[in-house]
C-alpha cells in the first residue's frame, strides 16, 4: 500500500465547471471576445490560465494572456467557491485514507488559497495535509515541479506515492515526476485517451481508486 496519495482537484475531487465558465466568459467578454460554450471551456479545465487563453482565443499574446488571467481571477474570487461541489463520497474517502495513515496532498492549477476556501466550505481542511497550487510553482502541469515539491513536503520516496487525476496533463505530470498514476474518468478524458500512458489503474470513480489503493 502507498504511504501518500496526491490528487488533482478539478474533475478528480470536485466540479467547478459553473464557476470556471462564468469566470472564463467574463474575462473573454472584457477583452472583446465572444463567449465560449460550456463544452469548449470544459476541455480547458486543468490547464494554466495562460494556456486556457491560448486555446480559446487561438492567440499567443503574452500581454493579453496576463490580462485574461487577472480578469479570470477577479471574477473567480466572486463566484468560484459558491459554484464548486465535491463529488459524491469524496469526504468519506478522504476520511478513510486519513484513518489508514496516508499523507494526503493536492497538486492543482487552481490557486492554493482557492483550494483552502473550498475545503473550508466543506469542512474538509483537516483531511488534506499539503496543497500546491498555481501560485506555488514557476511552471504549471505537465511540468513535474509541483508534484516533485509535494514529494519533498511529504518526506517520502516517489515510489511511495500515487497521483490521481482526470486528464492526460495529469498523466504526463506523473510520468515526468516518476510517480505512479491512477486515472479517474469523472472528467472529459476517456479510457482510450489514457491508453498511451502508463497507468497503475483507471477507475470510473474515486470509489474504484480507493478500492485499488486498499489492495
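The values are calculated or read from the model by the stated rules, or taken from the named source; none is laboratory data. Computed from a predicted model, the values in this text were never measured in an experiment. When we count neighbours, we look across all protein chains shown, and the Cβ atoms used for this are built from the backbone with ideal geometry, even at glycine.
Here residue 111 meets each of (1) assigned by TED's automatic domain parsing to the domain that holds residue 155; (2) touching a residue at least 60 places away in the same chain (Cβ under 8 Å); (3) surrounded by 15 or more Cβ atoms within 10 Å (Cβ to Cβ) with one exception, condition (2). Scanning region 181-206 for residues that are over 21 Å from residue 44 (Cβ atoms), touching a helix residue (DSSP H, G or I) at 6+ places or on another chain (Cβ under 7 Å) and in contact (Cβ under 8 Å) with a residue 60 or more places away in the chain yields one hit, 206.
Residue-by-condition table, conditions (1) surrounded by 15 or more Cβ atoms within 10 Å (Cβ to Cβ); (2) farther than 20 Å from residue 1 by Cα:
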residue	(1), (2)
126	no, yes
129	yes, no
134	yes, yes
137	yes, yes
140	yes, yes
147	yes, no
150	yes, no
156	yes, no
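Highlighted here are the helices (runs of 4 or more DSSP H) found entirely within region 10-71 that include at least 3 residues which are exposed (fewer than 15 other Cβ atoms within 10 Å of the Cβ): 38-42. Of everything in region 174-202, what is touching a strand residue (DSSP E or B) at 6+ places or on another chain (Cβ under 8 Å), under 21 Å from residue 158 (Cβ atoms) and not in a helix (DSSP H, G or I)? Give them in sequence order. Matches in region 174-202: 179, 180, 181, 182, 183, 184, 197, 198, 199, 200, 201, 202. Of the candidates 91, 71, 47, the single residue that is in the same structural domain as residue 149 (by TED's automatic domain parsing), touching a residue at least 12 places away in the same chain (Cβ under 8 Å) and within 29 Å of residue 149 (Cα to Cα) is 91. Considering 15, 26, the condition of being modelled with pLDDT of 95 or more and touching a strand residue (DSSP E or B) at 6+ places or on another chain (Cβ under 8 Å) is satisfied by 15 alone. Tallying residues that are surrounded by fewer than 20 Cβ atoms within 10 Å (Cβ to Cβ) and in a helix (DSSP H, G or I) within region 72-84 yields 6.
Based on this model, can you work out whether residue 138 counts as free of Cβ contacts under 8 Å to residues at least 24 places away in the same chain and touching a helix residue (DSSP H, G or I) at 6+ places or on another chain (Cβ under 7 Å)? Against the criterion (free of Cβ contacts under 8 Å to residues at least 24 places away in the same chain and touching a helix residue (DSSP H, G or I) at 6+ places or on another chain (Cβ under 7 Å)), residue 138 qualifies.
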